Every structure is written in structure tokens, then in C-alpha cells.
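S.K.: This structure is in C-alpha cells; I'll ask about it shortly.
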Amino acid sequence: MADRSLEGMALPLEVRARLAELELELSEGDITQKGYEKKRSKLIGAYLPQPPRVDQALPPERRAPVTPSSASRYHRRRSSGSRDERYRSDVHTEAVQAALAKHKERKMAVPMPSKRRSLVVQTSMDAYTPPDTSSGSEDEGSVQGDSQGTPTSSQGSINMEHWISQAIHGSTTSTTSSSSTQSGGSGAAHRLADVMAQTHIENHSAPPDVTTYTSEHSIQVERPQGSTTSRTAPKYGNAELMETGDGVPVSSRVSAKIQQLVNTLKRPKRPPLREFFVDDFEELLEVQQPDPNQPKPEGAQMLAMRGEQLGVVTNWPPSLEAALQRWGTISPKAPCLTTMDTNGKPLYILTYGKLWTRSMKVAYNILHKLGTKQEPMVRPGDRVALVFPNNDPAASMVAFYGCLLAEVVPVPIEVPLTRKDAGSQQIGFLLGSCGVTVALTSDACHKGLPKSPTGEIPQFKGWPKLLWFVTESKHLSKPPRDWFPHIKDANNDTAYIEYKTCKDGSVLGVTVTRIALLTHCQALTQACGYTEAETIVNVLDFKKDVGLWHGILTSVMNMMHVISIPYSLMKVNPLSWIQKVCQYKAKVACVKSRDMHWALVAHRDQRDINLSSLRMLIVADGANPWSISSCDAFLNVFQSKGLRQEVICPCASSPEALTVAIRRPTDDSNQPPGRGVLSMHGLTYGVIRVDSEEKLSVLTVQDVGLVMPGAIMCSVKPDGVPQLCRTDEVGELCMCAVATGMSYYGLSGMTKNTFEVFPVTSSGAPVSEYPFVRTGLLGFVGPGGLVFVVGKMDGLMVVSGRRHNADDIVATALAVEPMKFVYRGRIAVFSVTVLHDERIVIVAEQRPDSTEEDSFQWMSRVLQAIDSIHQVGVYCLALVPANTLPKTPLGGIHLSETKQLFLEGSLHPCNVLMCPHTCVTNLPKPRQKQPEIGPASVMVGNLVSGKRIAQASGRDLGQIEDNDQARKFLFLSEVLQWRAQTTPDHVLYTLLNCRGTIANSLTCVQLHKRAEKIAVMLMERGHLQDGDHVALVYPPGIDLIAAFYGCLYAGCVPITVRPPHPQNIATTLPTVKMIVEVSRSACLMTTQLICKLLRSREAAAAVDVRAWPPILDTDDLPKKRPAQIYKPSNPDTLAYLDFSVSTTGMLAGVKMSHAATSAFCRSIKLQCELYPSREVAICLDPYCGLGFVLWCLCSVYSGHQSILIPPAELETNPALWLLAVSQYKVRDTFCSYSVMELCTKGLGSQTESLKARGLDLSRVRTCVVVAEERPRIALTQSFSKLFKDLGLHPRAVSTSFGCRVNLAICLQGTSGPDPTTVYVDMRALRHDRVRLVERGSPHSLPLMESGKILPGVRIIIANPETKGPLGDSHLGEIWVHSAHNASGYFTIYGDESLQSDHFNSRLSFGDTQTVWARTGYLGFLRRTELTDANGERHDALYVVGALDEAMELRGMRYHPIDIETSVIRAHKSVTECAVFTWTNLLVVVVELDGSEQEALDLVPLVTNVVLEEHYLVVGVVVVVDIGVIPINSRGEKQRMHLRDGFLADQLDPIYVAYNM
């Protein structure tokens, strides 16, 4: 473990020798790691460069006096405001730096996300105004001037410049491209990328699983810039890429990043958790097992602490109103409140006399001038809102006392600035629940409120209807001489309601009674030693909390003079409060640590400052443990200006318990304040362990003084029964006193839990007969009765059983030298629940001038620091542009609103780093595959447990007696000739154009004659022999059909090929070329138009046009007939080739014999009951599979009329297909998913107008979607629902299923039961088991039957590995036996051996004789309660997904479509999604329909939903534009093409996030 930093140091030999000995002791285990570090630092401490720093650990007497010169030096270092002082602690900074240094030795390589340039520019170049910087937990703002100057860090024990120069990435090579800013790559990844610098690799093996081997010493390869970019990579979607469909990697920057991610993830994780709880199934989520070594509290049970007696002084008034009356009449000229303008000049002095007379006036007007005499609007006891701006305390004070005098209850709230302020809606709910109908406000504020055009103040969102009443004297009527307010002694009526914002954003009203109000003022007077006519400077918000209690209430009881400093003045001049203390020789000041920090920042050798008049500096947020550093730093600087140490008095308060504790001002300067240096690790278990300062993770806390006079305090366990804590245990502080809040207004249940708590001892006996109030503060009572607070209940996050405080996490993040990258106080920390545990999320505002690399660097260091110091992982770290986080009224961060935005995906971050791999430790154990159980034992097991072997069949073709004339012909060409003779004028085909009119039609004889002419052309012009292959490149239509039969007449083998798209030749033509080459076509037939296209200039750019075979143009046909029509010698010879690109991107052609073709047509004829009198509408692509058979073959065989609708025409007229179905009164129609989707999306809003046009679908009895995938149940259901009003019977819609080895296995047909839907448990499915569940149960997945099994087809479900038959309850591969199976692949490579078992497989056990074809699809059979046409119970086939596409992750089988469905639901802007795996990492590609700013919102949401629903950690999230995910003609996603495009970096993604 020799530290690298030692190599550069000149250490004496003996020290080096001693270090070596230490190393040995550590490795032998003779010394603990802690001991080793301690001794080692002692040895080398003397040789380390010491940073200059004022030692805060010295007791105050021995601390070097701060002379002006050293103070100014201290200042120059600090003055740039290098960090938020409230969260600053030199010790903590050093701890963080040391922790980071340790990490640096491990060189963490975090791959940088790639971001599209436009996105980078947009977020950083906008001219931002620097936002108010303020803390994440309190509502407060910041100084404008604090962003100048560059912070120099000499506080850390490690030089930061050195840090940044050697960034964490190790050596990063930057290869820029359209989509990425910088990529860090590790050596292994570069080697990988170098090996793969050729695009086309003839190695069809699975991608290497890089997660299994570890590269300890990966060589760093520095590659010259552009070595990979020299060869232009082929365009995305290019035919060449099809051959990398198996996932052969492509030269790429992306794969280097993935490799880097994989290497990072191989670092040892936190120890996995051991035990589980049963999550309803085999997939058990791990559950936290308590750590046997965790610290446990050992102290005795604590005793409740009593405060001193509240000594009643004889002249204390009987109520606060009585005090006001007294001072207002005895000394009306005495100043009560001085307000300041923004220049710091006194604006207005409110005297006690004026306060008294004006309050009376307000009281009279509220009671008598609102409403009518008979029906006053406000009666005593009613609640009234006080809406006053922060710079007008005088008007607010008058209104407050006016309410007290009128005996109405004031509810002071913030001024709503806009109609939808963060959190103002919740305040509206509070006002509504309090029954507020009147709002008192000032003139200026009333003018500033948003108004409607008529001048009325609109109703704010969520607010009740209010009457706005201006309280300025000039607007009020004078009370009559005989009217006098009724002043009684303080009683239990409610005096006022203070609002409180909860963790979840809801706003509660805490009621305070008149007696509590008075007692609280008395207790504060006694604790603070207030005397008459003292001057107090108040910087705090006067509407609530400490600012209200000292600056408005207690001050009046003692006739004190309050100097109120508004927030707006502090922003302009942060020193204003100190100047006012000097100017007025104030005795007391009420501030927050923020104000002390700002004073430090702004303090530039102000000569005339003298703070010796201060006897008490009340620090209102003393309960924030990080306030200690502000106090220390402030004392350090201002000690020379007369500030005494004992003057600083932190206090702890809460809305419920009012003042909890306050440090008393003493005259004894020798008694140093209480300090505790606590182990942060101990605190996470709620245990107090005093720690030596050397340890990295410590929390230094200061006491907040003693319990309030007249109060009892204890601490109870934070959850469960309120049992007293032990002395060394942290709990929630509870208080029993008169001076506390009474209830949450209108919420009796919550009130009981908070205001009526009876703490019990370990034996169960109550501590007191009086109820206690929970303060919401976590802490303990230390020696000498001093109260210590270590955090807030609201900031508590319980992550896998350990408690972390949000404030502590903020402090650690801020100690990572953030000033260059993020705004100081603008950090929000909260937790979200994902997968049964809380996960920590950090959101910070990024400075507009920080670069991507810098921010990312900072983010990765924050993660490391938090990991080291708190031993907890951060789930998500997001940076948002400056000024975009929702603010509270005083400029702080609105936490719950931020969390809400994060969860709904509208935070719009500009940088996101997710770490699910490191954080989520409760995933189920990976599934261990059982040692292979033989197929025989599986079968026996099934029999024993009474499970049927899964097999089924359609009707037997031999049994069916039908008057099928066509059956006597072996070949389709003969059937056509026979029809041309017997029914020459019967129309077989009608082609519609985009307007729905007939473009063309063919009768039997017309088709026969055209086919003859084409046959002549092939033989004479093409000089073809029988058996030659001919490529037919036609648009969907009549020409294609004629050319097909022309080939049969000439004895040639046709191959139908989709023509290239004229607008997109570059990507579509190579596929055409490839099929023509692979099928070994001797000639190519097409129309004149396409002929020109194939020879055009654009085509020459895409492919080599000279390599085309001869091209025949069938628009110009010969006039003569052939000598004779070719008749094949054997039905098993080749009829045609069917080529198609599979979903995995493989181009596969299958051979169809004449016998199979005829059997196929007969099977469909029987299933769909097709006769010459029928009409069938077909809206399909006629190039492969069932689509081709229905378009070209079935009509000739069965004689029915086919109405042909080319799917491309629907793009101009979406209603074309349905209008045709309605117009021709069609009973059977066939379409594809893409057609159905087009209708659902394109006609959704037009059903009424279509109805008006007479569209009627009531005659449709079957509408079949032709597909080779799991039925898309959501799409078919929404289609059925949408067109139900137009007469479509919901049961008419069904699907078919076919694949390469058998083009149609299932097809609904006319007779037979309706398709059934079952719900299966998705988790069982991952284990290849089928478990039926109820609809709507968790993890349920609906599956629809894929239509009825065709006549003559037999199906069995087999284990794809062992080839043994499976039982009903298992998921397995669908095997098929039928007369219309294809007879094999037709490929150019001659690797039929690889695929041979696809067409002739035998079971390894049971019926080993039958020859089956393997479909490559997983599915299961289920016997239903329904009966078939032949009276048997019906067997339904459910297709789950392609075997090639299924992803093996964590030992389980996942189907991409299930993950994609979850992801599409995650956010409204995700329109499409595709997933694939790369080196065991799950990659999720989402198409974004929205602004690019939303791209990063998707990353956390996608990660969350996949974790929650599939127990998988997403490795990479790629956000792309709409239309990037490639889709084939059948509407299926081409995931392997997408993967190749991603790895070759051709997607031009908007954003790529690599999850850690």
C-alpha cells in the first residue's frame, strides 16, 4: 500500500525502513488498518508540506490572538466565499480530501456520458444571472457579490490543482464525434476496439462476456487521434451491417466506454446482504441483515432534564396585549421598530404609541367594517391571513397586534408572487382548511399582486376565495371614542397560527395559544436576560420562528427597540447588520449562520467596526450541526473587533415546540462552550461515540445551551413506541412545557402523534403525567444538561437500515471544492424509494461557465467522498442549469417540489450520473441453473405431477371431406389454367389506389394470358432455363402477381423483393442488391420506373450498378404465347424462395416446394372458409411470409376475390383500408401491426366523421393481424375499442403466428372459439415457468392466444437445450410438424449444417420418430375450457418471444418487449424503446418526443422502472430522436441492427448515460 505521494518526498532512510516494517505488520495482520494509518501518518507527518490553517481544536485561551495582519491574511484566503460557511469545517474538508486521495490510488474510471453538441451549447451558453445561493435546507438567499474571485484552497491537506490535473479518469483519450464530448477509455477497451477496427468480421459468435475476467493490470494504450476514424464506417442501417447481427462488435468509441464501465463495475461492491424476505415467488429480494459489529448503545437510561424555574417577575404583564397597552400609553414616544430601505438608511420608526393606536384601528375595522352590521365577515376566533412583504415589518406588526386585540387569529404567510409559486399552492390548502376568507395586506403589496384585466386579484391555484383588505391607516375608519378593545388575561384561546412546510411539501398550521405565547415570551426574557429599552438587531423572517418570537413578540413585552434588516438589504450589503449593531450599540442580534458567513465574505478590513456592545448573538439555526463552523470562523475574525466568545448563543427551535433550548449569555469568559466530536458511523446507527479528530468521518457539534425555563426535556427513540433513549443514544428531542404549540390546525390524528406524546421508560412507565411535544430534532442531552442537536427528523434518510442526515451529505458534497462548478447553497439532497429501500438523490445547480468535463469530474469525486465518509452510495447525482431549482419565498431550495419534479421527470438536468450498480444491493440472487436434469426425468416428473405433455394439433387434413376442386391439381400453375378455362371472367384481384377507387383488376383469364407473355419473355429475352432464379422487384400490386405466375409457367423460381425507396436509396438499395446476390438470381424483372431507378446516379452511389444481373422490363411484353407451359416433374421441387430479414437482423431465405405451397393454400382455405363467392381485403406487404401467400397465391387456389390495398397508400389516406372493408362489405380482412397502429393513431379523433361518411364495420367477422411475434395485446385492444362505435365486433380482432420454418402455424379463421387471453406471472416466466395469475395482480403479464392452429399442423413444446418434451406449465421452444413447413434455408454461405436442425429435429425422448421444425420462438400450450369445431377441448398456443432475442441476465431469461413496455410507460415523452445487451450490460434506447432538454430527465426514470418491475440494473441509457430505432416491414424492431448502430456510433444520440 505504499503511498504514491511518498515517492517524490525526501524521507530519511530510517523512516523508510520503519514504513516498510509497518507495511509488513499490516500484511501479516499484526496491526489494524486504523493503527497502521495512525503510526504511518505520525512517521511521515513531519515531512508533509503543512498547509497554513488556524487550529480550531485549541481551547480558546491558547489560540493565537488574531492580529490584524494575520486576520487580513486569513481573509484574503476566505474572502472569495470559497464555500458555504454553514456547512464549512476545515476538519471536514481535510477528511474529504483525504478520502478522495485514497480513492485516487484506486484510480476510479467513470465513463463520461456523451451528449449531443446542441445540448451542451444550450445549457452552458445562455446568459444566466447568478442565482440566489442558499442552503438546501432552510429558506434563505444569498449575496450578489459573492461570485467574484477564484477560491484558492489552502484548507485541504492536498493541493487541489494537483488533484484536478490528474483527473480521476486516469489517462483518457479523447475521440470526438458528433455525439460525444469526451470519452475516457481503459486499455482493455482500446485493445478491444483496435481488434475490431474492421466492420465486417466473419465470426458469428456471441459477444465476449467481459464481466467474467478481471484485468488487474490493463495496459494504458495512448492511441493517435483519429486512428479509428480513418475508415469511414458504413451508414447506419446498411446491408453490410446485417451480417453483424449476431452482435459481432464493430470498431467503436462506444464499446470502449462500455468496456470502461464494465471494468469499473468489477470493483468490489459493498458486501452483499445475506438474508431474504419472500417476495411472493422464487425471486427473493435480499433483505438487510444487521451487521454483527455495528455499535450498540451501552449507556444507562437517560433522565428527563428539567429547565430552571420560570421566575415570575411582579411587573410582567398578564397578556401581550396588556403589555402593548401599557407601553403605548406610558411611553408612546419610545421606539418599537425601525425599518430600513435598501440603502441601509432608516426608513421608518414605529413608536409604541403608534403601534397601539394603529393596532386598535385595525382591530376595529376588522370587526366592524367587513360585511354588514347584522352579518360581519369576521368574528372573534376566526382565522385571517397576513400577507406582507419581507421589507415591511411595521405594517405586518400592526396587523398582527390588530388581530390579537380583535381576538381573531392571524395566519402570517408569504406573499404569492405568481399564480403558481413553488409551494404557494400548499399554503392555499392551509388557508382553505383554516377557513380563511380575509387577507390583510399592505398597499404596496396589494398593488404588486398579479391582477386580471378587470383589475381583480385572481384566485391563486389551490387558494380559497379571499377578500383582500389593506391595513394602511389612511384607508381605515377611526374607531368611535367609546369603542375599546377587550383586553383579558392570557387564556387557552388560539393566539396565532404559524405555518410549517413538511418533508413532503404539505403545509401544516401550528396553533399557539395565548397562554403559550405569553409564557414563551417570559421564558425567552428570563433565558436571554432581556431588560426594558434594549436594542435588538433582527435579520430573520419576522413572520415565523425565532424572528417572530424575539423581534415581534418578546420585544413588545419588554418595550425593546428592534432594528429590522430586510433580506433585500442583506443581498445588497451583507455587512448591514454588523453596521447597525455598531451604529445603535445594539445589545442583541438575531441572525442565522448564513448572515455570519456573508459578513465574513464581505468584510474587507472595515476599520470602524466595534461589536463590544453585543451581549448576545443569537444563532437561530444553531440546531444545524454545521453552524459551528460559521460561529468559529466569525469569532476568529471579529474577536479583534470586540466580539467576545461567550456572546455567541446558538439556539434550537421548531415550529411545534417553539424555542427548544438556547445558550445563555454569560459574563464568564473562561467557561468554553460544549463541543462534541462524534463518529459519523456511530450516528448512522443512532449511537453517540466520541471520536478522535483524526478519523475521517466525524461530526463536530456545538451545544445549543440548556433546556428552556419551566420546561422538561427528554429524547425518545425516533420510531415506534416513544421509549426513553440511553445516555449514549441519539433520539428525537421531546419537550413538556406550557410554551409549546398546541396542535396542527384541524388535524387531530397528526396532532395526537406530535403534541400528545407520553414518553415511557424501559419498564413501560410514563415519564410524566403531562404530554410532551415532539420537536422534530434529533439529538441528546450531554453532560451538564447541555443539549446537542445532530440533525432533523425531516432530513433523515434510512438507507438499508442506517440513518443518514441530508445536511451531512450536503456538507460532504460542498467540501469537494465545488465553487468552480456548482453554486454554494443550491444543493438539494433527498431520498426516493426504489425497490423497497430509500436511495439518495443529490441535485445541485451548475455554474454556466463550468465545462462538461469539470462538472463530471466534480460529480464523480462527490460520489467517492460520500462513499468514503458516510459509507453510503448515492443513487443519482444531477446538475441542473443555474437558477432552475424551485425556490422558497426567501430564496432557499424548495425540497419537496424539487423531489416532485425529479420523480415526474420535469427537472431538466444538464448532467446526470446514476449509480444503481453500486447502490442497489438488495437484488434477488442470480438464478443458478440446476445441473441438467435429463429429458426423461422431466417427462416422468410431469406425468407424476399429473401435468400433460404440451402438444396440440389443428384439424386433420385427411379427415376433412370437402368439394375442393383444386385438390386434384398438384401445382398452382395448373389451378390457374383450370380456372382460366372454367371461370374465365371471374375477378380474382382488385387493386385500390389511395383514393379508394379501383386502380386495376384481374380476371382468371387475364392473369393466365399475362403470365404466358411473361413466360415467353423469360425464355426468349432472358434465355433462362427451368430452375433458374428470378428476382421480382415490384411495388405491391397486380404486376407482381402476374410476374410470379409467369415464372411458374416458364419453370423459373421467383423471389419477391421489396423495391428500393426512391427517397432513401442509400439505405434501401443495398438490401435489394444483397437479396438478389444471395438468392443467386439469374435475372431481375421489374417495371420501367424501377428499372430507371436501379440504373440511376443515386443508385450508383449506393451500390455497384454494373453487377446487376440482366434486368427485364415487363411494361413492354411480347405478343405471343409460349409453345407449352412448364409442368414440374415432382411436387417436391422448388416453387419459390421466401426471403426476409429477421428481427435479429439476419437475412434468411427459405425454400418452398410445390407440395408445401399447395398444402399451405388448402390449409388457409379450410381455416378461413374461402370460396369463389367470398371477398377478402388484404392490407399487407406482399414480399414474404403469410403476407405474400395471401396476396399472390390464395385467390388462385380458392377462387375468392382479393381486394388489395398497398399499406404505403395509408400514409396519405389512413382511412383507406377501413373504408374499403366497409364499402365492399368484406367479412374477412388481413392487416399488419403497422397498419393497425397507423389507423389507431391516425384515425383516433376522426371516428365521428367516419361514421358520418357511412363507415360500417359490423359485417367483419375476422380481422387478422399477420405477425411473427408475441401478439401486441395493447394495440389490438385499443384498435377494437376505438372502432367499436363503428360496428367492429371486439371478438373479430385476432392475430396469426408464423416464422421462417413455417410461414403460418396459427390463424384465427372463421369457426372455432374466440381467442383467449391469460395473465401469467412475469417473474415465473423468467425462470421458464408458466404460472397463471389473476388480472391486475402485481407482475402480471397479459398474453393473447395467437389464433387457432391451422389444419394439418402439429405442435409440441420442447426444451431448446435438451430437446426433451415439456409439460403444460413450462415455457419452451415451439416445434412444428406440417405439410407446409419450408424445406430448408437457401443460403449462399453453404452453412446449412449450422441450421439443419431447424428443419429436421427429433425429440431426445418420447416420440423420437417424428421430424419437427424448430420455430426459434418460446411459447406454451394451455388446454382451455372451450371446445373446438370437432368437439375436442381447445388447445391454445401462446407465443412469448423469439429465442434469439431473449436476453440471459442474472441467470434468468428476459424478453425485450417486457422491459420496453415498462420503459414506455415511465415518461410521457418516451415514444418508443428498444433494449439489448452488450457484454452482460443492459442497454436501453429510448426515442424522445419532446425538447432535447428533457433527455436527461429520462435517465433516472428509466433506471427506476426497470429496477422496480424487472429487478435489473440498466447499464446504459441512450436517448435518441424519433425514428432512430429501425423497424422492418412487419413493424418489428430490429434490435440487433440498433445494437450495431450504437456500437459503431452511428445513432447520433441526444444523450448517452453510463450508469455506474
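The values are calculated or read from the model by the stated rules, or taken from the named source; none is laboratory data. Because the structure is predicted, anything quoted here is derived from the model rather than measured. With ideal geometry, Cβ positions are generated from the backbone for all residues, glycine too; neighbour counts draw on all protein chains shown. For accessibility, only protein heavy atoms count, side chains too; no ligands or nucleic acids. Shrake-Rupley method; radii C 1.70, N 1.55, O 1.52, S 1.80 Å.
S.K.: Where residues in the stretch 276-312 are of a type in the set (S, T, N, Q), farther than 30 Å from residue 1324 by Cβ and open to solvent by less than 90 Å² (accessible area, probe 1.4 Å), which of them is modelled with the highest pLDDT?
M.R.: For the stretch 276-312, the residue satisfying everything is 301.
S.K.: Further question on the same structure: How many of the residues in the stretch 1059-1080 are in a helix (DSSP H, G or I) and among the small types (Gly, Ala, Ser)?
M.R.: Qualifying residue count, the stretch 1059-1080: 1.
Residue-wise test of (1) more than 24 Å from residue 490 (Cβ to Cβ); (2) out of contact with any Asp or Glu (no Cβ under 7 Å at 6 or more places or on another chain); (3) not charged (D, E, K, R).
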position	(1), (2), (3)
307	no, yes, yes
318	no, no, yes
328	no, yes, yes
332	no, yes, yes
347	yes, no, yes
351	yes, yes, yes
360	no, yes, yes
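S.K.: Which one is most open to solvent (accessible area, probe 1.4 Å) among residues in the stretch 1036-1075 that are more than 24 Å from residue 1202 (Cα to Cα) and polar (S, T, N, Q)?
M.R.: 1063
S.K.: Go through the stretch 1519-1542 and report how many residues are in a strand (DSSP E or B) and open to solvent by less than 20 Å² (accessible area, probe 1.4 Å).
M.R.: Of the residues in that region, 2 qualify.
S.K.: Can you give me the number of residues within the stretch 628-675 that are open to solvent by less than 10 Å² (accessible area, probe 1.4 Å), of a type outside the set (A, V, I, L, M, F, W, C) and not in a helix (DSSP H, G or I)?
M.R.: 4
S.K.: Residues in the stretch 727-769 that are surrounded by fewer than 22 Cβ atoms within 10 Å (Cβ to Cβ), in a helix (DSSP H, G or I) and touching a residue at least 60 places away in the same chain (Cβ under 8 Å): how many?
M.R.: Final tally of qualifying residues: 2.
S.K.: Then there's this: Could we say that residue 1545 is in contact (Cβ under 8 Å) with a residue 24 or more places away in the chain, touching a helix residue (DSSP H, G or I) at 6+ places or on another chain (Cβ under 6 Å), open to solvent by 10 Å² or more (accessible area, probe 1.4 Å) and closer than 22 Å to residue 1492 by Cβ here?
M.R.: Yes.
S.K.: Which one of the conditions (1) outside any helix (DSSP H, G or I); (2) touching a residue at least 12 places away in the same chain (Cβ under 8 Å) does residue 1280 fail to meet, given that it meets all the rest?
M.R.: It is condition (1) that residue 1280 fails.
S.K.: Quick check on my filter: what residues within the stretch 553-569 are under 19 Å from residue 659 (Cβ atoms) and out of contact with any Ser or Thr (no Cβ under 8 Å at 6 or more places or on another chain)?
M.R.: 553, 555, 556
S.K.: Does the stretch 1028-1035 contain any residue that is at pLDDT 90 or above, surrounded by fewer than 19 Cβ atoms within 10 Å (Cβ to Cβ) and farther than 18 Å from residue 1136 by Cβ?
M.R.: Yes, the conditions are met somewhere in the stretch 1028-1035.
S.K.: Could you say whether any residue in the stretch 1009-1017 is within 25 Å of residue 1530 (Cα to Cα), touching a residue at least 12 places away in the same chain (Cβ under 8 Å) and of a type in the set (D, E, K, R)?
M.R.: No: zero hits.
S.K.: How about the stretch 1445-1499: which of its residues are assigned to a helix (DSSP H, G or I), hydroxyl-bearing (Ser, Thr, Tyr) and open to solvent by 30 Å² or more (accessible area, probe 1.4 Å)?
M.R.: Selection gives 1461 alone.
S.K.: Something else about it: So which of 1249, 1195, 1173 ends up being open to solvent by less than 10 Å² (accessible area, probe 1.4 Å) and either out of contact with any helix residue (DSSP H, G or I) (no Cβ under 8 Å at 6 or more places or on another chain) or over 29 Å from residue 1142 (Cα atoms) (or both)?
M.R.: Being open to solvent by less than 10 Å² (accessible area, probe 1.4 Å) and either out of contact with any helix residue (DSSP H, G or I) (no Cβ under 8 Å at 6 or more places or on another chain) or over 29 Å from residue 1142 (Cα atoms) (or both) holds for just one of 1249, 1195, 1173, which is 1195.
S.K.: Given the conditions (1) farther than 18 Å from residue 835 by Cα; (2) polar (S, T, N, Q); (3) assigned to a helix (DSSP H, G or I), and given that residue 918 satisfies all but one, which numbered condition is not satisfied?
M.R.: Only one criterion in (1) farther than 18 Å from residue 835 by Cα; (2) polar (S, T, N, Q); (3) assigned to a helix (DSSP H, G or I) is unmet by residue 918, namely (1).
S.K.: Kindly provide the set of residues from the stretch 1198-1231 that are of a type in the set (Ser, Thr, Tyr) and open to solvent by 10 Å² or more (accessible area, probe 1.4 Å), ordered by number.
M.R.: Listed by number, the residues that qualify are 1212, 1222, 1224.
S.K.: Among the residues in the stretch 743-752, are any of a type in the set (Phe, Trp, Tyr), within 30 Å of residue 313 (Cα to Cα) and at pLDDT 90 or above?
M.R.: No; the residues of the stretch 743-752 include none that is of a type in the set (Phe, Trp, Tyr), within 30 Å of residue 313 (Cα to Cα) and at pLDDT 90 or above.
S.K.: Sticking with this structure for a sec: Please indicate, with yes or no, whether at least one residue in the stretch 1368-1375 is over 32 Å from the mean Cα position of the chain (by Cα), under 30 Å from residue 1169 (Cβ atoms) and acidic (Asp, Glu).
M.R.: no
S.K.: Mind checking which residues of the stretch 611-627 are in contact with a Leu (Cβ under 9 Å, 6 or more places away or on another chain) and surrounded by fewer than 24 Cβ atoms within 10 Å (Cβ to Cβ)?
M.R.: Matches in the stretch 611-627: 611, 612, 614.
S.K.: Right, here's the next one. Does residue 484 fit the bill of being part of a strand (DSSP E or B) and more than 39 Å from the chain's Cα centre (by Cα)?
M.R.: No; evaluated as a whole, the condition is false for this residue.
S.K.: Those residues that are within 46 Å of the chain's Cα centre (by Cα), surrounded by fewer than 24 Cβ atoms within 10 Å (Cβ to Cβ) and not in a helix (DSSP H, G or I), I need them from the stretch 544-573; list them, please.
M.R.: Answer for the stretch 544-573, where residues must be within 46 Å of the chain's Cα centre (by Cα), surrounded by fewer than 24 Cβ atoms within 10 Å (Cβ to Cβ) and not in a helix (DSSP H, G or I): 544, 566, 573.
S.K.: Take residue 1552 and tell me if it is within 17 Å of residue 114 (Cα to Cα), modelled with pLDDT of 95 or more and either out of contact with any Leu (no Cβ under 8 Å at 6 or more places or on another chain) or in a loop (DSSP other than H, G, I, E, B) (or both).
M.R.: Against the criterion (within 17 Å of residue 114 (Cα to Cα), modelled with pLDDT of 95 or more and either out of contact with any Leu (no Cβ under 8 Å at 6 or more places or on another chain) or in a loop (DSSP other than H, G, I, E, B) (or both)), residue 1552 does not qualify.
S.K.: When residues of the stretch 967-992 are filtered for being touching a residue at least 24 places away in the same chain (Cβ under 8 Å), in a helix (DSSP H, G or I) and over 21 Å from residue 1047 (Cβ atoms), how many remain?
M.R.: 1
S.K.: When you scan the stretch 770-779, do you find a residue that is surrounded by fewer than 21 Cβ atoms within 10 Å (Cβ to Cβ), at pLDDT 90 or above and on the phi < 0 side of the Ramachandran plot, even just one?
M.R.: yes
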